[in-house]
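The values are calculated or read from the model by the stated rules, or taken from the named source; none is laboratory data. Remember, predicted model here, so these are calculated numbers, not experimental data. Heads up, the Cβs are rebuilt from the backbone with ideal geometry, glycines too, and the neighbour counts pull from every protein chain shown. What goes into the accessible areas is simple: the full protein's heavy atoms, side chains included, and nothing from ligands, DNA or RNA. Shrake-Rupley method; radii C 1.70, N 1.55, O 1.52, S 1.80 Å.
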Amino acid sequence: MLRQGTPAPEFESADALQAHYRALQARMWAPRAVAPRPETLRTRALAEAQREREARETEARRQAELEAVAAMDALVFQVLDPEQMAREPKRIIAQVAEAFGFTHADIVGDGRTSDVVRARYAAIAAVREVRPDLSLPRLGRLFGGRDHTTMLHAIRKMEREGVPRPPLREAAE
């Protein structure tokens, strides 16, 4: 490959021309060793320090939120009387679950056995009776993130068939 205006180098033989061509090709395709610039290292260190600072700030914010919620809960328990606390949906669910022999987690969980579903329907009815102000989506969130149509189905089914009653426990004598 000759460039215009530049004379071709004179080679003594074809072997010398090929050797020159191979040397040029090796130089062109050889990986270049590029030393990192000092500002690149500094930028990397600054970015890492910023990520660490953001992680610390996020953790501190999360901890402050948890402390605020705990403080609010303490104030609520001081202000509310027992009658108002009995109106809390989670407490109602726990009481119904206990009456049926289950835990709160069983009622709001994924279980679909008939005993658990009967207890869940009874808990839905109890919460609905005490707190008629709760919307169906809110009620669904209280019962494990269920859809509002699931709550509607449960309410309609209880209107047709009645509210399930807890099993009678025989008195052990």
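Worth a mention:
- Exactly one residue out of Val69, Val116, Val130 is closer than 20 Å to Met158 by Cα, modelled with pLDDT under 90 and either aromatic (Phe, Trp, Tyr) or open to solvent by less than 90 Å² (accessible area, probe 1.4 Å) (or both): that is Val130.
- Checked against the criteria, Gln78 counts as open to solvent by 100 Å² or more (accessible area, probe 1.4 Å) and modelled with pLDDT under 70.
- Figure legend. Inter-residue proximity from the range 133-155: first residues touching a residue at least 12 places away in the same chain (Cβ under 8 Å), second residues β-branched (Val, Ile, Thr) and surrounded by 16 or more Cβ atoms within 10 Å (Cβ to Cβ), beta-carbon distance below 6 Å, spacing 6+ or different chains. Indicated pairs: Phe143/Val108; Gly144/Val108; Ala154/Ile124.
- Close contacts from the range 98-117, counting a first residue that is assigned to a loop (DSSP other than H, G, I, E, B) and a second that is small (Gly, Ala, Ser) and open to solvent by less than 60 Å² (accessible area, probe 1.4 Å), with Cβ to Cβ under 7 Å and a gap of 6+ residues or different chains, come to Phe102/Ala119; Thr103/Ala97; Gly109/Gly144.
- In the range 153-169 there is no residue matching the filter, namely being touching a helix residue (DSSP H, G or I) at 6+ places or on another chain (Cβ under 8 Å) and among the acidic types (Asp, Glu).
- Among the residues of the range 87-113, those identified as open to solvent by 50 Å² or more (accessible area, probe 1.4 Å) and not charged (D, E, K, R) are Gln95, Gly101, Phe102, Thr103, His104, Ala105, Thr113.
- Thr149 being more than 20 Å from Ala97 (Cβ to Cβ) and modelled with pLDDT of 90 or more: yes
- Criterion applied to Gly144, Gly140 was being open to solvent by less than 60 Å² (accessible area, probe 1.4 Å) and assigned to a loop (DSSP other than H, G, I, E, B), and the one residue passing it is Gly144.
- Count of the range 118-137 residues which are assigned to a helix (DSSP H, G or I) and charged (D, E, K, R): 4
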